[in-house]
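Here the structure is laid out as structure tokens; the discussion comes afterwards.
The values are calculated or read from the model by the stated rules, or taken from the named source; none is laboratory data. From a predicted model like this one, the values you see are computed outputs, not experimental measurements. A quick note on method: Cβ atoms are made from the backbone with ideal geometry, for glycine too, and the neighbour counts reach across all protein chains shown.
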Amino acid sequence: MYGAIKNDLSEQLSALKTQGLYKDERVLATPQGPEIRTKTGGGPEREALNFCANNYLGLSGRKELADAAARAMEKWGYGLSSVRFICGTQEPHKLLESEISEFLGTEDAILLSSCFDANGGVFEALLDKDCAVYTDSLNHASVIDGIRLCKADRFIYAHMDMDDLEQKLIDGRDAKYRLIATDGVFSMDGDMADLPKICSLAEKYDALVLVDDSHATGFIGDRGRGTHEYWNVMDRVDLITTTFGKALGGASGGCVAGRRELIQWLRQKARPYLFSNTIPPAIVGGTREAIRLASGAPEHRNTLRHNTARFRKAMEEAGFAIRPGEHPIVPVMLKDEVLAVRMAEGLLDEGIYVIAFSYPVVPKGAARIRVQLSAAHTDEMLDRCIEAFKKVGRDLGVI
Ligand SMILES: *Cc1c(COP(=O)(O)O)cnc(C)c1O
């Protein structure tokens, strides 16, 4: 009987709209890339430069990946109608596992449909009620949910607060196993977890370390392997979860990589691995090509670094409040919720597509525009973006 809940939800949906918290999906009329076409409201289609995709290396719309995916689909078929352990494993799945594992510098890896599923499966399979898990207060929703699914004691430490983590490790010292889980890069601020310190604490208090490197795999670190490479702690991180849906082509899929026995165990026990379908051959083929491109030539990474430094410098010089850092996530802090939304609208009118983030995604009074740079942006595109920020920023009295 669809009655009470219908009325309830209708009311709550209207409330979201009046509070400005209702999420409308903008429809793209093009493949993903630095230049897109999109519609504003009911208006006409218009061109915009895209500064809000996780397309860090610029691979998402690249023909090489679509071609590799098409070849894999041609050879291995559209779908497998099976989980991995029944009849869903083909040669390319095994190859992708060894290639991503080699790229990340780990001993082994398993594929999952997404990083969300990777995080959904890893904690429950490894930790029981006698264990303890330590999680940064700003970890990604999928890390939070994965931890909810396991019965271990949960300790939430204040964001990047290593003293708080240490105190909680002391509080949980009687647990059978301890595991510290952190995002490698936090997506709202672009700040990086202090992995050397986390690894040292893990060694001091006998804990495992898991890093969700979704916003780092492919481009952070000298060879783009991620935050563990950046911090030079590659052999001190036990588990990495990551996505193929961001820098590595941006389609979908994810993995857990790490120590051999941990991965072997996940292959036996991780529920999203056992009870959800295998990744389709096309995605496997596309992702293998993305790893080849990401690990082979450094020019995508170098361009991304150049773009990030150039944009950050110009925006600071223009007088914007930028959160400092080196990550291609560049939060332009506006504080005020309404101002952030008006800024994003004004930028779209100037042909720059960015998104404003406000409470509850970020703390109250910390509204911002999150700019994300890509290796696919040219200097000319960056200049157009910077000029648009300056113009709209002046109009709105931000600078
Ligand atoms: C994007 C993201 C995910 C989710 O990845 P999917 O493969 O899209 O499920 C998980 N963790 C973090 C930190 C992310 O940024």
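Considering segment 143-164, and only residues there that are under 24 Å from THR217 (Cα atoms) and buried (at least 22 other Cβ atoms within 10 Å of the Cβ), the residue that is farthest from the ligand (Cβ to nearest atom) turns out to be ILE147.
The lone criterion from (1) in a helix (DSSP H, G or I); (2) among the hydroxyl-bearing types (Ser, Thr, Tyr); (3) within 16 Å of the ligand (Cβ to nearest atom) left unmet by THR182 is number (1). When LEU95 is tested against the conditions (1) crowded, with 17+ Cβ neighbours inside 10 Å; (2) closer than 21 Å to PRO280 by Cβ, the lone failure is (1).
Residue count for segment 323-338 under the criterion of being modelled with pLDDT under 95 and of a type in the set (Val, Ile, Thr): the result is 1.
Filtered by the rule that a residue be in contact (Cβ under 8 Å) with a residue 60 or more places away in the chain and either over 21 Å from TYR56 (Cα atoms) or in a strand (DSSP E or B) (or both), segment 339-359 gives VAL341, ILE352, TYR353, ILE355, PHE357, SER358.
Within segment 165-179, the presence of a residue that is within 22 Å of the chain's Cα centre (by Cα) and either surrounded by fewer than 19 Cβ atoms within 10 Å (Cβ to Cβ) or within 12 Å of the ligand (Cβ to nearest atom) (or both) is excluded.
Quick check on segment 292-314: of everything there that is among the aliphatic types (A, V, I, L, M) and surrounded by fewer than 22 Cβ atoms within 10 Å (Cβ to Cβ), which residue is farthest from GLY245 (Cα to Cα)? Selected residue: ALA314.
Residue-wise test of (1) assigned by TED's automatic domain parsing to the domain that holds LEU373; (2) within 16 Å of the ligand (Cβ to nearest atom); (3) crowded, with 19+ Cβ neighbours inside 10 Å; (4) without any contact (Cβ under 8 Å) to a residue 40 or more places away in the chain.
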{"residue": "ALA68", "(1), (2), (3), (4)": "no, no, yes, no"}
{"residue": "GLY79", "(1), (2), (3), (4)": "no, no, no, no"}
{"residue": "SER82", "(1), (2), (3), (4)": "no, no, no, no"}
{"residue": "GLU91", "(1), (2), (3), (4)": "no, no, no, yes"}
{"residue": "GLU99", "(1), (2), (3), (4)": "no, no, no, no"}
{"residue": "LEU104", "(1), (2), (3), (4)": "no, yes, yes, no"}
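In this structure, THR303 does satisfy being modelled with pLDDT of 95 or more and either out of contact with any helix residue (DSSP H, G or I) (no Cβ under 6 Å at 6 or more places or on another chain) or more than 19 Å from ASP108 (Cα to Cα) (or both). Of the candidates LEU239, LEU274, LEU262, the single residue that is buried (at least 17 other Cβ atoms within 10 Å of the Cβ), within 19 Å of PHE116 (Cα to Cα) and over 17 Å from the mean Cα position of the chain (by Cα) is LEU262.
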